[in-house]
Amino acid sequence: PEAKLGLFQVKLRYWEDATPELIRLSTEMLQAWLEEHPDQRVDLNFPGIGYGRLSPDVVKPIIEVLPPNVYIWQKGVEVRNG
């Protein structure tokens, strides 16, 4: 299919808070996948905030390393494009 769905893990159990360490690992895994698929566009909800209960100020420095073809969304609004 044209559209694919993936997971970006931010916590181990849904009732727990997200952890920066797991967000960092997921970021690294996404970067590795994108190295093999550089022409793919990835749209991602802002990870770890909301039900993850982390501040965007904690998460943003972790995900800033993602390449320009990763679009970050928050409440239906694009907050980062590369």
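General remarks:
- If you go through the range 1-60 and keep only what is closer than 19 Å to TRP73 by Cβ and of a type in the set (S, T, N, Q), you end up with GLN9, SER26, THR27, GLN31, GLN40, ASN45, SER55.
- Of the strands (runs of 3 or more DSSP E) that lie entirely inside the range 9-82, those containing 1 or more residues that are in contact (Cβ under 8 Å) with a residue 40 or more places away in the chain and surrounded by 15 or more Cβ atoms within 10 Å (Cβ to Cβ) span 70-74.
Readers should treat all values here as calculations from the given coordinates under stated rules, not as data from a laboratory. Please read these numbers as outputs of a predicted model, since none were measured by experiment. Cβ atoms come from the backbone with ideal geometry, glycine included; neighbour counts cover every protein chain shown.
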